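Chemist: Provided herewith is a single structure, encoded as structure tokens, for subsequent inquiry.
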Amino acid sequence: MTPAPAPSWETYRTSIGDRSTMFAAIASTWGVEEALYPGSYLDLSPSTAIRSVTYVDTDRRAARYFADSDLVRAELARAEPAHPTTPASAARVEFLHADYTMPLPLADGAFDLLVSLYAGPVWDHCRRHLRPHGLLLANTSHGDAGLAALDPDLELVAAVHHRDDRYRLDTRELDGYLVPRNPAAADRDLIRRSGRGIAYTRTAFAYLFRLLP
């Protein structure tokens, strides 16, 4: 019997799809150069578009994967480059085998983009690492987009839509997004206690917020 392949970005993409085009659109539109991705697991897609990405996860499979720099470089080399002048294989990839809810050995205000996808309350714990005018990419899983929508330090700049393995940024008529079906659900304490997202009248895969200075 042929053994199952070791967990990698390639195997993980079979379940979540390839998010490279989403990060390419964000990076090219807002000039993102450095990103922090807590709870990343094996999702290497930001490094196809962003020059420097720091991944954070407690999972031992993620730690083993990112420790194999040859495999990481090989997978990036096979990826479609988002910026023809900067091959994905030349991207800077760092990994912290750590719990993002605890203090991380990273400088404050060091990143252009903070990624929170299906990872829990990333914004609550990692906001200090985002520089002014930096971006938070969050979805409604575990309530992080809901918390961001209620934070006066953030403004919505785009909604991300996903269909047929393609991603599209919507930057128009943003007032139509993040409107709760049940207004009482838009409560910070309730979201934190439940760890669940809010149901909105208009849905998107994720939302992009900008940190106000």
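The values are calculated or read from the model by the stated rules, or taken from the named source; none is laboratory data. On a predicted model such as this, the values are computed, not experimentally measured, just so you know. Cβ sites come from the backbone with ideal geometry, for glycine too, and all protein chains shown count toward neighbours. For accessibility, only protein heavy atoms count, side chains too; no ligands or nucleic acids. Shrake-Rupley method; radii C 1.70, N 1.55, O 1.52, S 1.80 Å.
Chemist: With (1) of a type in the set (Asp, Glu); (2) open to solvent by less than 20 Å² (accessible area, probe 1.4 Å); (3) part of a strand (DSSP E or B) as the list, and residue 155 as the residue in question, which single condition is left unmet?
Modeler: Condition (2) is where residue 155 drops out.
Chemist: One residue is enough: does the range 89-102 have a residue meeting the conditions in contact (Cβ under 8 Å) with a residue 60 or more places away in the chain, surrounded by fewer than 21 Cβ atoms within 10 Å (Cβ to Cβ) and farther than 18 Å from residue 19 by Cα? Before the answer, list the steps.
Modeler: Going residue by residue through the range 89-102, those that are in contact (Cβ under 8 Å) with a residue 60 or more places away in the chain are 100.
Narrowing the set further to residues that are surrounded by fewer than 21 Cβ atoms within 10 Å (Cβ to Cβ) leaves none.
There is no residue in the range 89-102 that is in contact (Cβ under 8 Å) with a residue 60 or more places away in the chain, surrounded by fewer than 21 Cβ atoms within 10 Å (Cβ to Cβ) and farther than 18 Å from residue 19 by Cα.
Chemist: Which one of these is open to solvent by 60 Å² or more (accessible area, probe 1.4 Å) and acidic (Asp, Glu): 164, 112? Don't jump to the end; show me each part of the working.
Modeler: Numbers: 112 fails: open to solvent by 60 Å² or more (accessible area, probe 1.4 Å).
The unique qualifying residue is 164.
Chemist: Mind listing whichever residues of the range 49-65 are hydrophobic (A, V, I, L, M, F, W, C), assigned to a helix (DSSP H, G or I) and closer than 24 Å to residue 167 by Cβ?
Modeler: 62
Chemist: I've got another one for you. Given the structure, is residue 11 open to solvent by 40 Å² or more (accessible area, probe 1.4 Å) and of a type in the set (S, T, N, Q)? Let's see the steps before the verdict.
Modeler: Values: open to solvent by 40 Å² or more (accessible area, probe 1.4 Å): yes; of a type in the set (S, T, N, Q): yes.
Yes.
Chemist: How many of the residues making up the range 13-48 are assigned to a loop (DSSP other than H, G, I, E, B) and under 23 Å from residue 125 (Cβ atoms)? Spell out how you get there, then give the answer.
Modeler: Taking the range 13-48 and keeping what is assigned to a loop (DSSP other than H, G, I, E, B), we get 17-19, 31-33, 39-44.
Within this subset, residues satisfying the condition of being under 23 Å from residue 125 (Cβ atoms) are 19, 32-33, 39-44.
Residues that pass the stated criteria total 9.
Chemist: I'd like the full set of residues that are at pLDDT 95 or above, open to solvent by less than 50 Å² (accessible area, probe 1.4 Å) and either in a helix (DSSP H, G or I) or among the aromatic types (Phe, Trp, Tyr) (or both), limited to the range 115-143.
Modeler: Result: 122, 123, 126, 129.
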